[in-house]
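> I am attaching a structure below and will ask some questions about it afterwards.
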Amino acid sequence: MNTKRTLELLSPAKNLEQGMAAVSYGADALYVGAPRFGAREGASNSVADVEALIRYAHRYGAKVFVVMNTIVYEHELEEAERMANWAYQAGADALIIQDMAFLEMGLPPIALHASTQTHNISADKVRFFQEVGFERVILARELSLRQIEEIRSQTNVELEAFVHGALCVSYSGQCYLSESLVGRSANRGACAQPCRSSYNLVDDSGKILVKNKHLLSLKDFNLSHSIRELANAGISSFKVEGRLKNIDYVKNITALYRRELDAILSDGTYAKASSGKVYLGFTPDAEKSFNRGFTSYFTENRLADLTGFNTAKATGALVGRVKEVMKGSFVIDGSTSLANGDGICFISKQGGLVGTNVNRVEGRTVYPFKMDGITKGIQIFRNYDHQFAKTLESNATERLVDAELRFDYDGANVALSAVDEDGFTVSHTCAVELEVAQKPERAIQTIEQQLGKSGGGMFRITRVEIGCADVPFVPMSMLNGYRRLILGLLEERRMSALPKAGQVVIPSDIPFPEKVLDYSANVVNSLARKFYERHGVTSIDQGYELSHCESANLMTTKYCIRHELGACLRTDAGSKLPVMLYLENNGKRFRLTFDCNRCQMMIKKG
């Protein structure tokens, strides 16, 4: 029998509130940080909050994946194992991990997802994870559609891809710049984000070629118009980045991708991953949430203009250009209107981002809080839409599961039953004596109206069937109680039917694709070492966090500064820049090297 592949929208849950919002706005699954060992140090959660989020998500058949994707030091192994077992007992649907030590622990039968931190860029690597027991592999952001198709053709494990949000300039799991500079490891969830800093690009003699620019700060990912192509290439889960973003971002971007996925699901080629329909109270717009400008990165082909050299901050959407400057105000062209309370920004003549608020607007004349730096001809961006934010705060959006109710009365008992869109059914009988209604038509109408209310719950009642020889008079308060009772039972039935995902990983000796592992394999404990040795690896170096290898690539990137500046070494334009290039920042110097065969750039100590 052919089973349709499900398409899953996977949203971030910084905390309980944002996770619940993501579900309400259309997420099929959430990824949430455990109390420890998640690769976003500022997005860990308490045990109680994770358990509450799991209960809420499971009402809709939405899944919750607990993130434990840091590397684990030797003295932390027992705690990590305890936390993995807690996640299973709490009802989590999977663990997202980087450290292979977990596969040498006594894990319960919980699904494992190989984090993008495991550097998943080849079919060989993905197939290995499939064969050793991972249910899902999260692919590197740098892969093209063609490369994803190639991986899909050689594997059958679930494939997950990032589709929106901030981009790390380095391959995930392969960045050691923060650890090198300030002892804050990206692989330990403590990245200081040196890629968002400004740098000088200099030559071998120290001559400044580009001064004080954000040369490593990429624009944000946005593949909202490529979801069908990704699905056809083999992606099952579409991941929105943002465990450090605010709740408005989570609502808006989740709703945006829910709309895109629903359009694809409507033709019946793929299946839904969870239950219910989202009724939006607004029109989602990616431009109205935090963004540094957008890029599709390498999805289609290698693009130029991947960075925002002038700033690493959010710029938002272009509004227009300043036509005229007056005392305390300016006139703007363009078709987009600003409004009181909006936040605006612009790139100053000195090259930095300057922001202010709009006090009032009269036609095309804008009166900002301050005029500093606003001159004729500059472009104005809106990085905070006041009205849009108010709309998101109104909570007009709801997610409802369709259900039908039946009301029967035989003169001595009220029999209630319900069935929802997924086929879950419940029934309940109450012994009660009711008078026959003197006005049966009005009584029927009252029963239908009161039982048909959603009442702020998770169900949308699409039909109320009444089966009575003699229609009784039922007080509205009693009908409301019946409705709450039967829908509560239906919700409990849905929760009890959820299967435990995953199986116990059985140790094997399937060969790892490589025999020799250097610092970039991120092995920092004895269990990870044992895992790789059992899979045929003959030489294993300590991870960078332990070895601080002097010759290490502090970053390995698909992004290339030379290409971005129009000086690719594989073209005639390569001579526009010297062969030897360096980045400088606050007295620190880093050497750039280029592997043109692989189309990669490396950053090393200078």
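The values are calculated or read from the model by the stated rules, or taken from the named source; none is laboratory data. Keep in mind that this is a model prediction, so the values were computed, not measured. Heads up, the Cβs are rebuilt from the backbone with ideal geometry, glycines too, and the neighbour counts pull from every protein chain shown. Side chains included, ligands, DNA and RNA excluded: accessible areas come from the protein's heavy atoms. Shrake-Rupley method; radii C 1.70, N 1.55, O 1.52, S 1.80 Å.
> From the list 309, 290, exactly one residue is aromatic (Phe, Trp, Tyr), in contact with a His (Cβ under 6 Å, 6 or more places away or on another chain), open to solvent by 30 Å² or more (accessible area, probe 1.4 Å) and part of a loop (DSSP other than H, G, I, E, B). Which is it?
On inspection, the qualifying residue turns out to be 309.
> Please give the helices (runs of 4 or more DSSP H) falling wholly within region 41-147 in which 1 or more residues are within 20 Å of residue 522 (Cα to Cα), open to solvent by less than 20 Å² (accessible area, probe 1.4 Å) and touching a residue at least 12 places away in the same chain (Cβ under 8 Å).
77-90, 123-132
> I'd like to verify a number: residues in region 332-366 that are among the aromatic types (Phe, Trp, Tyr) and either touching a Cys at 6+ places or on another chain (Cβ under 7 Å) or farther than 28 Å from residue 246 by Cα (or both), how many?
Number satisfying all stated conditions: 0.
> Also: Step by step: first the residues of region 515-568, then only those that are open to solvent by less than 50 Å² (accessible area, probe 1.4 Å) and assigned to a strand (DSSP E or B), then the one that is farthest from residue 140 (Cα to Cα). Which residue is that?
The qualifying residue farthest from residue 140 (Cα to Cα) is 539.
> Here's a follow-up. Please work out which residue is surrounded by the fewest Cβ atoms within 10 Å (Cβ to Cβ), limiting yourself to region 581-606 and to residues that are under 19 Å from residue 550 (Cβ atoms) and among the aliphatic types (A, V, I, L, M).
Looking at residues that are under 19 Å from residue 550 (Cβ atoms) and among the aliphatic types (A, V, I, L, M), I get 602.
> Only one of these conditions is not met by residue 299: (1) in contact with a helix residue (DSSP H, G or I) (Cβ under 9 Å, 6 or more places away or on another chain); (2) open to solvent by 20 Å² or more (accessible area, probe 1.4 Å); (3) of a type in the set (Val, Ile, Thr). Which number is it?
In the conditions (1) in contact with a helix residue (DSSP H, G or I) (Cβ under 9 Å, 6 or more places away or on another chain); (2) open to solvent by 20 Å² or more (accessible area, probe 1.4 Å); (3) of a type in the set (Val, Ile, Thr), residue 299 misses (2) alone.
> Considering each residue of region 246-272, count those that are buried (at least 21 other Cβ atoms within 10 Å of the Cβ) and either in contact with a Lys or Arg (Cβ under 8 Å, 6 or more places away or on another chain) or under 14 Å from residue 13 (Cα atoms) (or both), and give that number.
Total satisfying the criteria: 6.
> Of all residues in region 304-357 being of a type in the set (D, E, K, R) and over 24 Å from residue 390 (Cα atoms), which is farthest from the chain's Cα centre (by Cα)?
Among those that are of a type in the set (D, E, K, R) and over 24 Å from residue 390 (Cα atoms), it is 327.
> Are there any pairs, at least 6 apart or on different chains, whose C-beta atoms fall under 6 Å, with the first in region 299-324 and in contact (Cβ under 8 Å) with a residue 24 or more places away in the chain and the second open to solvent by 60 Å² or more (accessible area, probe 1.4 Å) and assigned to a loop (DSSP other than H, G, I, E, B), and if so, which?
Taking only residues 6 or more apart or on different chains, the pairs are 314/290; 322/376.
> State which residue is nearest to residue 60 (Cα to Cα) when the search covers only region 425-463 and only residues that are open to solvent by 50 Å² or more (accessible area, probe 1.4 Å) and touching a Leu at 6+ places or on another chain (Cβ under 7 Å).
Of everything passing the filter in region 425-463, 460 is nearest to residue 60 (Cα to Cα).
> Assess whether residue 172 counts as being of a type in the set (Ser, Thr, Tyr), part of a loop (DSSP other than H, G, I, E, B) and closer than 19 Å to residue 235 by Cβ.
Answer is yes for this residue.
> Out of the residues in region 480-511 that are in contact with a Leu (Cβ under 6 Å, 6 or more places away or on another chain) and of a type in the set (A, V, I, L, M, F, W, C), which is least open to solvent (accessible area, probe 1.4 Å)?
In this case the residue turns out to be 486.
> What's the total number of residues in region 148-168 that are within 17 Å of the chain's Cα centre (by Cα), part of a loop (DSSP other than H, G, I, E, B) and among the aliphatic types (A, V, I, L, M)?
2
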